[in-house]
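Peer 1: Got a structure here, written out as structure tokens. Questions coming.
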Amino acid sequence: MRRILIIVPAYNEEANLSAVIGGLRAHYPAADVLVVNDGSTDDTGNVARRGGALLVDLPFNLGIGGAVQSGLLYAKRNGHDIALQFDGDGQHTPDEIAPLLARLEKGDCDVVVGSRFVEKSAYRAPVARRAGIGLLSIVHRIILRRRISDPTSGFRVYNRAAIEFLADEYPHDYPEPESILTLTRNGFRVVEVKVEMKPRQGGHSSITFWRAIYYMFKVLVAIGIGATRTTRRPPHDEHRAADHESSHERAGHPPRRTTRSQA
Amino acid sequence: MLAILLVVQLVRKRRLREDYALLWLAGGLVLLVFSLKKNLLDQLATLVGIAYAPSLLLLGAILLGFLLSMHFSVALSRLAEQNKRLAQELAILRLSVEELRNETGDDAR
């Protein structure tokens, strides 16, 4: 039995959290549900505990990147095979987890991202957000020469190799787009699967208009500079060696090796 | 100039790490040398082709300030990273402690 950790990053989500945890525990009783309370000022921590989730209670706000990474670190330490990131605001639905997991189980990819835009979906994001996502998507296309339709999606599953890599190296406060880039450049295979998402169910988004602009800019700079960075050695060389022949021919893009990784 | 040196010397007493104290001391010393030997600055200025000598001093000061703040940014980034890691480790440890307590039935807080 594969051990699955569901990571729910939550910042002031007391309104949504118990429903989210309840849904997850009902659908996936075998999985561990881990709420990362990112220094919330409301009752998020207690709601999580009462809901029967594991709780990693950060002493102060680290931002979504630091929060998710805490979860990944936990997964790494506790030997989970699969980590699922599931937002605490009720945007993601437990029904949509199965296709992501099924895709990962095929074994020809390391990360599966739930995308709202692979095909037409019912999800309607605000125009500004769609524009931002579109721009990021274009940037990814240019740098990676691959289509990533929804780089901002926080609905993802990681396999063990990706967990180990990201636990050590995960971008900061608006990490989703950048992490796709980092992962791909380090030889991980990222694929997208179509999911439906709901608008957030209550509470407030942590992203305001000006912050969004600032983040956008910051992410572009981070990605731009990241694209010139030499990649580090993928920490899962044994895993690579094991399915060397089959996997990356199939995946269509061989893991990139740098001179440093050979040394 | 002596005042600068004095201040640095005082701050050095445990309030400042030695590496930084040394840096400020060196800066103070350079200034001291220039103020004691007035024509040295002029000679240096003509050597690098600057007509107005005090602007060389200013240039040096700005350059030093720039490099220093750059250095602090780097140091700060590193500290922030370490700080984040500490917070994560702490939170995960807290969870482990809680789990252990539940297992042993010890509910002391």
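None of the figures in this text is laboratory data; all of them are computed from the coordinates on show. Quick caveat: nothing in here was measured; it's all calculated off a predicted structure. Neighbour counts are summed over all protein chains in view; Cβ atoms, including those assigned to glycine, are modelled from backbone coordinates with ideal geometry.
Peer 1: Sort A:148-161, B:74-87, A:52-65 for me by packing, meaning the mean count of neighbouring Cβ atoms within 10 Å per residue, highest on top.
Peer 2: Per-residue Cβ counts within 10 Å, averaged per peptide and sorted highest first, yield A:148-161, A:52-65, B:74-87.
Peer 1: A further question on this structure: HN-Hα J couplings of segment B:75-84 from phi, Karplus 6.51/-1.76/1.60, θ = phi - 60°, integer Hz, Gly and Pro as x?
Peer 2: 4, 5, 4, 5, 5, 4, 4, 5, 4, 4
Peer 1: For the pair A:ASN78/B:SER55, report the inter-label distance in nm, with labels modelled 7 Å from Cα in the Cβ direction.
Peer 2: It works out to 6.6 nm between the two label points.
Peer 1: Amide H to amide H, which residues 5 or more places from A:ILE6 or on other chains are under 5 Å from it, using H placed in the peptide plane?
Peer 2: Here A:ASP32, A:VAL33, A:LEU34, A:LEU84 satisfy the definition.
Peer 1: Name the residues whose placed amide hydrogens come within less than 5 Å of the amide hydrogen of A:GLU192, ignoring near sequence neighbours (fewer than 5 apart) on the same chain.
Peer 2: Answer set, sorted by chain and number: A:VAL113.
Peer 1: Here's another thing I want to ask about it. Suppose R0 equals 25 Å; then what is the FRET efficiency for A:LEU135 and A:LYS106 from their Cβ-Cβ distance, rounded to the nearest 0.05?
Peer 2: Approximately 0.25, to the nearest 0.05.
Peer 1: As a quick test, which of the pairs A:LYS106/B:LYS84; A:LYS218/B:LYS84; A:LYS76/A:LYS106; A:LYS76/A:LYS198 have an alpha carbon distance above 26 angstrom in this structure?
Peer 2: A:LYS106/B:LYS84; A:LYS76/A:LYS198
Peer 1: Residue-wise, which Karplus ³J(HN,Hα) couplings in Hz belong to segment A:99-115, taking 6.51 cos²θ - 1.76 cosθ + 1.60, θ = phi - 60°, and x for glycine or proline?
Peer 2: Couplings: x, 5, 4, 4, 5, 5, 4, 4, x, 9, 8, 9, 9, 10, 9, x, 10 Hz.
Peer 1: Take the Cβ-Cβ distance between B:LEU47 and B:TYR20 as r, set R0 to 35 Å, and report the resulting FRET efficiency rounded to the nearest 0.05.
Peer 2: About 0.70, to the nearest 0.05.
Peer 1: In addition: Treat the count of other C-beta atoms within 10 Å as a stand-in for reagent exposure and order A:THR228, A:THR184 from fewest to most.
Peer 2: Fewest-to-most Cβ neighbours within 10 Å comes out as A:THR228, A:THR184.
Peer 1: Once phi is turned into θ = phi - 60°, what whole-Hz ³J(HN,Hα) does the Karplus curve with 6.51, -1.76 and 1.60 give for every residue of segment A:6-17, x standing for Gly and Pro?
Peer 2: Rounded to whole hertz, the list is 9, 9, 10, x, 9, 10, 6, 10, 4, 5, 9, 4.
Peer 1: Restricting to DSSP loop positions (anything but H, G, I, E, B) with no more than 13 other Cβ atoms inside 10 Å of their own Cβ, which trypsin sites (Lys or Arg not before Pro) remain in segment A:1-80?
Peer 2: Passing both the DSSP loop test and the Cβ count: A:ARG2.
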